[in-house]
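Peer 1: First the structure, then my questions, so here it is.
The values are calculated or read from the model by the stated rules, or taken from the named source; none is laboratory data. Source: prediction; values computed, not measured. For neighbour counting, all protein chains shown are included, and Cβ atoms are generated from backbone atoms with ideal geometry for every residue, glycine included.
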């Protein structure tokens, strides 16, 4: 795995980070939520910078699809594990097909 792919994975993790921060801030008054909003901004900037860096070496469409896939999977998993969102069969089935698609993009992409 080359460096661009590792950077892209970290970009996806920071995408999960910024959505997690939004979830934690939800419903709180600003006086209590501002640390979560700060975490959101920091994670957002890092995620975008890392995505930009990875897309210098990887095809843009592949990089974006993998980034959003990691973010969607991670955010859904975080919702299930942390925010008690439902985890029924079809939701889990499609989350795992999403991960299979991301792995397929990595396996059959140049870069």
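Peer 1: Could you grab me the full set of residues in region 72-110 that are touching a residue at least 40 places away in the same chain (Cβ under 8 Å) and surrounded by fewer than 14 Cβ atoms within 10 Å (Cβ to Cβ)?
Peer 2: Of everything in region 72-110, those that are touching a residue at least 40 places away in the same chain (Cβ under 8 Å) and surrounded by fewer than 14 Cβ atoms within 10 Å (Cβ to Cβ) turn out to be 82, 83, 110.
Peer 1: Any chance you could count how many residues in region 1-21 are at pLDDT 95 or above and either surrounded by fewer than 15 Cβ atoms within 10 Å (Cβ to Cβ) or more than 15 Å from residue 68 (Cα to Cα) (or both)?
Peer 2: 4
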